[in-house]
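Here is the structure we will look at.
The values are calculated or read from the model by the stated rules, or taken from the named source; none is laboratory data. Quick caveat: nothing in here was measured; it's all calculated off a predicted structure. Heads up, the Cβs are rebuilt from the backbone with ideal geometry, glycines too, and the neighbour counts pull from every protein chain shown. Quick note on the areas: whole protein, heavy atoms, side chains included, nothing else; ligands and nucleic acids left out. Shrake-Rupley method; radii C 1.70, N 1.55, O 1.52, S 1.80 Å.
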Amino acid sequence: MSKAPRPLIAVPTDVKQFENYTWHTAPGQYLTAAIDVAEVTPLLVPSFGDRIDIDAVLDGVDGVLITGAKSNVHPALYGAEPGPAYEPYDEARDATSLPLIRAAIARGVPLLAICRGIQELNVALGGTLATEIQELEGRMDHRAPDAPTPDERFAIQHPVRIAPNSCLAGILNDDSIRVNSVHRQAIDRLAPRLEVAAVADDGTIEAVSLRDSKAFVVGVQWHPEYWARSDAPSRRIFEAFGEAVRAHKAARTA
Ligand SMILES: N[C@@H](CCC(=O)NCCCC(=O)O)C(=O)O
């Protein structure tokens, strides 16, 4: 009996200049976690903003994965004054990922948003971000260790407390896990439709989910993709995302 075809997920891209070309690209660590652990097939969505038919994309996939990136959501999108503390920007990505997030939520398409992704999720739904949080009173330094290798930069660093009865509590079946940390921005004002699913010891919001949502909508500030094969909570997040994607496909094709 032929194997059921793997469901497809959409992954919006970063726009980068490299070797005299403009590239629309995504880091491989997210794609391999989707393939190997969530067992879904990622399709990159080029960041051409309103030139991309978001509905046509969502007609063809059963999930959305929003990756991390060194760039930051443009502050004008949440009413902050642009400046060096908010740079670098990737406005083409913003113009694609934010509409994609809103449309996926409106249609009940499962969504996993990681690092920059949780920040985009919050802004897309009306929230705001704080920048250079390591300079804020009482905050830890959430940036990556100043280390030469990716394994060291994405090393597990600090605990986060999982909100009881949250979507994430159901996925992880634990009240505290340890996570890596590679960010200098974080959620400031939480969007009205989101609820906190995890916090760090300094109060930084580390995960959110959509209030009263039937669909899987989870944002995490850490990087479960990096250790998705070896770290149990990381694996569980990608497995749960894959389960939600397959359920969406089964319901859509029933
Ligand atoms: N730029 C935002 C989001 C951080 C993020 O997505 N980090 C992952 C990749 C970054 C890297 O490889 O250095 C912020 O800083 O909060």
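Miscellaneous remarks
- Given (1) aliphatic (A, V, I, L, M); (2) surrounded by 14 or more Cβ atoms within 10 Å (Cβ to Cβ); (3) without any contact (Cβ under 8 Å) to a residue 40 or more places away in the chain, index of the condition residue 147 fails: (2)
- Strands (runs of 3 or more DSSP E) contained entirely in the range 1-119, each with at least 1 residues that are within 16 Å of the ligand (Cβ to nearest atom): 8-12, 14-18, 21-25, 64-66, 111-114
- Residue 112, sole failed condition from (1) within 17 Å of residue 15 (Cβ to Cβ); (2) out of contact with any Cys (no Cβ under 8 Å at 6 or more places or on another chain): (1)
- Extreme residue, farthest from residue 128 (Cα to Cα), among residues of the range 172-197 that are more than 16 Å from the ligand (Cβ to nearest atom) and open to solvent by less than 20 Å² (accessible area, probe 1.4 Å): 177
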